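K.L.:
Before anything else, here's the structure in question.
Values in this text are rule-based calculations from the coordinates and carry no lab data. This is a predicted model, so every value here is computed, not measured. Here the Cβ positions follow ideal geometry from the backbone for every residue, glycine too, while neighbour counts run over all protein chains shown.
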Amino acid sequence: MRRRLRGAVAATAVCMVLAGCSTGPEDFPTVPTCDHSSVLILEAQSVPSAAYVPCISQFPAGWTFGGEHIDAGHATFWMDSDRAGTRAVTVTLAPRCDPADAVEVPVEPDEAGTTRFEEPESLPPAYVADRFYVFPGGCVTYHFAFQSGGTFTHALEATSALTFLSRAKGVVLLQREGLTLCGRGVDCPG
């Protein structure tokens with residue numbers, strides 16, 4: 001796994017050079033945006049079995065990127081809100097999860113290919129809940145932990161920002177740049 005992650009880091013560096021990514025605050029390279037940002041490569045390589053990788057499609061008013069942590073076996077990033085608080089939603093990609101106590105609910109159109117489960121833990125005065133998306137080779141968990149006054153409406157705002165990039169689409173996008181995204185159905189070189 002270390003060799004794959006080292007390869008992913010090298011691929012990330014190449015991707016950043018090819019894409020002309022800057023490191024200014026307006027284009028911070030570790031934000032997992034859905035336009036195949038360099039951090040998406042690392043996320044995908046951290047869980048090579050995963051058919052999907054979570055990403056941020058847009059930021060609603062008041063929401064910002066908080067940070068990320070990627071290791072072999074899981075990738076995590078979080079978003080902060082001016083109303084729901086710091087680290088209001090944490091998104092984790094892992095090979096598996098246990099939604100045993102959660103309730104299955106219908107998926108949205110951009111969540112096709114996943115099975116969604118909801119597990120609310122606390123309602124007002126502070127909303128706390130877990131949402132699980134289970135799919136072939138992986139699971140994405142959204143953990144909502146809002147400060148007092150944070151409501152389900154803020155969860156709707158956060159989830160409007162979040163979606164998935166399929167590994168298959170990522171493979172195609174990177175092939176156009178001469179790079180290989182390995183894992184789930186694509187062998188790693190070497």
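K.L.:
Quickly run through the stretch 147-175 and pick out the residues that are in contact with a Phe, Trp or Tyr (Cβ under 6 Å, 6 or more places away or on another chain), outside any helix (DSSP H, G or I) and small (Gly, Ala, Ser).
P.N.:
If the condition is that a residue be in contact with a Phe, Trp or Tyr (Cβ under 6 Å, 6 or more places away or on another chain), outside any helix (DSSP H, G or I) and small (Gly, Ala, Ser), then Gly150, Ser166 are the ones that fit.
K.L.:
Just give me the residues in the stretch 118-155 being surrounded by 15 or more Cβ atoms within 10 Å (Cβ to Cβ) and more than 26 Å from Thr86 (Cβ to Cβ), in sequence order.
P.N.:
Val134, Phe135, Gly137, Gly138
K.L.:
Further question on the same structure: Looking only at the stretch 60-81, decide whether some residue is of a type in the set (D, E, K, R), over 19 Å from Asp35 (Cα atoms) and either touching a Phe, Trp or Tyr at 6+ places or on another chain (Cβ under 8 Å) or part of a loop (DSSP other than H, G, I, E, B) (or both).
P.N.:
Yes: the stretch 60-81 contains one or more residues that are of a type in the set (D, E, K, R), over 19 Å from Asp35 (Cα atoms) and either touching a Phe, Trp or Tyr at 6+ places or on another chain (Cβ under 8 Å) or part of a loop (DSSP other than H, G, I, E, B) (or both).
K.L.:
When only residues in the stretch 85-107 that are touching a Cys at 6+ places or on another chain (Cβ under 8 Å) and not in a loop (DSSP other than H, G, I, E, B) count, which is surrounded by the most Cβ atoms within 10 Å (Cβ to Cβ)?
P.N.:
Step by step, filter the stretch 85-107, then rank; the result is Leu93.
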